[in-house]
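We did not get these values from a lab; they are worked out from the coordinates using the rules stated. What you are looking at is a predicted structure, and each value in this text was computed from that prediction instead of being measured. Backbone-built Cβ (ideal geometry, glycine too); neighbour counts: all protein chains shown.
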Amino acid sequence: MSPLRPFGGERIAVVGLGRAGAAAARRLRDWGAEVTCWDDGAPARAAAERDGLAIGDPAAGRFRWDALLLSPGIPHRLPAPHSVAAAARAAGAPILCDVEYLYRAVRAAGSGARFLGITGTNGKSTTTALVEHLLRAAGRRVAAGANLGPPALSLDLLGDDGIYALEMSSYSLERLATVRFNPGAMLNLSPDHLDRHGDMAGYLAAKAQIFARQVPEDIAVLGMDDAATAGLRRGLAARCVPISGLAPQPGGVWAEGAMLRDDAGSILDLREAPALPGAHNAQNAAAAAALAFALGLGRAQVADAMRSYAGLPHRQERVAEIGGIAFVNDSKATNADSAARALASYDRVVLIAGGVAKQGGIAALAPLFPRIARAVLIGESAPDFAATLAAHGVPHEVAGTLEAAVPAAAAAARAGAAAVVLLAPACASWDQFSGFEARGERFRALVQGLATERAA
């Protein structure tokens, strides 16, 4: 059988050679495209050249490629377009993402595999991983990735029975042209990435692309716990399945307290699923169940698999319990809304927070401040966060670094402040770490160090 060459003769510029971009360049080359690669960093260009990829700056001279595959982290519009994006737009070339090319390749191979897309400001990684777990437990063939885990163009080509479970960022969603998600899910919306989208309306419009190109026989799973997301219901082409972590949703899936339900009755007491604590995870569980039902799973299959779900690293990850103190890693809480979801899961915590603050800082957490017995602050946001906490009478200290914060938080907990030390930074990590993963891994290592000291 001849090798698949869905992009034979196409000229594609790939710009941004991180993990996803490098994988995309190699796969597109293998699928017959004439690929030219570029990265603003010389080491990435050198690595691509060692892989046998052609190197050239598409912004130098006339843009001569059929399309631009642009890394999600590189702006094509706001706050200012990268030079290569400006060149592509001037030439009338589409600016696409790797999921678009995966979809085209799957369809070119003659496969009817389903594309399941999940987006939202918070919870999309957990929901995607949970859906993958539910499908695998039911014996379904599934490949999960995109914004979570493996890059889209590193995933296997699946046959008609396959399902792609893809976490979709707003950056990628606005660079799709033909992808039809069935089912698609939008969980929630809160302020984030406004520099890239201009305002909340722009951000919502990007997220709403998860439902673009759906038809009436498709399914749109839609969060009802914030007004902006719920408001999308009026414009859906597909059948809406509402979900909530707070209130009944006729025709959908919801949580009442700890009980996951649908119109047919109780599905699961979520207290039997220890990796899904809190109301926010109740909404994630509702979304995952709705998506699984849309793909043909039964109620017992969903309940049994949720009980065995182990959770994701850096998302309310219980790292250790030392002397009766639980240490919880929620480094993925990179904005105030996500941190609020973590705080709401515990009655009382010693909180480690700080880093590169998002718009509004932690002011939105004020209703949850009574749950903070003491805050230990790190990173460039520490002075601003300290001022906010002081104005509300919340005990706090500035530790500066995570290395100083972990023992300080542990000492406060041992002194009786609270039985939980929670890392929920409400900030990006780039002032001190390469990403939230590195921050969470450092927290885990520091906690393990405390455990070793106690055992010695």
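Observations
- Karplus (6.51, -1.76, 1.60) ³J(HN,Hα), θ = phi - 60°, over region 315-329, in Hz, Gly and Pro reported as x: 10, 6, 7, 7, 6, 6, 10, 10, x, x, 9, 8, 10, 10, 9
- Met259-Thr401 pseudo-label distance in nm [points 7 Å out on the Cα-to-Cβ vector]: 5.2 nm
- Computed from the C-beta positions of Ala47 and Ser308, the FRET efficiency with R₀ = 30 Å rounds to 0.15.
- Between amide H atoms placed 1.01 Å from N, distances below 5 Å from Arg180 occur with no residue 5 or more places distant or on a separate chain.
- Computed lengthening from Asp156 to Thr452, 0.36 nm per intervening residue step minus Cα-Cα distance: 102.4 nm
- Summarising the strand pairing of region 154-285, around 45 percent of its internal DSSP beta bridges are antiparallel.
- Legend: calculated FRET efficiency, Ala54 to Gln359, from the Cβ-Cβ distance at R0 = 60 Å, rounded to 0.05, equals 0.90.
- Residues Val142, Val215, Val221 in ascending order of nearby Cβ atoms (within 10 Å, fewest first): Val215, Val142, Val221.
- Ordering Ser434, Ser154 from the fewest to the most neighbouring beta carbons within 10 Å gives Ser434, Ser154.
- DSSP-assigned coil residues among trypsin sites (Lys or Arg not before Pro) in region 1-83, each with at most 14 further Cβ atoms within 10 Å: Arg62, Arg64
- Exposure proxy ranking, count of Cβ atoms within 10 Å, fewest first, for Ile74, Ile362: Ile74, Ile362
- The chain: antiparallel DSSP beta bridges as a percent of all, rounded to 5: 20 percent
- Amide H contacts of Ser190 (H built 1.01 Å from N, in plane; Pro and chain starts excluded): Thr121 sit under 5 Å, all sequence-distant by 5 or more or on other chains.
- Amide H partners (placed H, <5 Å) of Val421, local residues excluded: Ala326, Phe327, Val328, Val350
- Relative to the Cα centre, the charge distribution of region 317-455, modelled as +1 at Lys and Arg Cβ and -1 at Asp and Glu Cβ, gives a dipole magnitude of about 280 debye.
- Note on Asp384/Arg234: beta-carbon distance plugged into 1/(1 + (r/R0)^6) with R0 of 35 Å gives a FRET efficiency of 0.35.
- Of the labelled figures (1) 24.2; (2) 21.9; (3) 23.1, only one reflects Kirkwood radius over Cα pairs in Å as derived from the coordinates, namely (3).
- For region 99-307, a/c is not less than 1.5, where a ≥ b ≥ c are the root eigenvalues of the C-alpha gyration tensor, and a/b does not top b/c. That puts it in the oblate class.
- Residue by residue, region 424-432 carries 3J(HN,Hα) couplings of 9, x, 6, 8, 5, 10, 5, 6, 10 Hz when phi is fed to the Karplus relation 6.51 cos²θ - 1.76 cosθ + 1.60 (θ = phi - 60°); x denotes Gly or Pro.
- If you take the Cα centroid of region 95-134 and the Cα centroid of region 141-185, the two points sit 1 Å apart.
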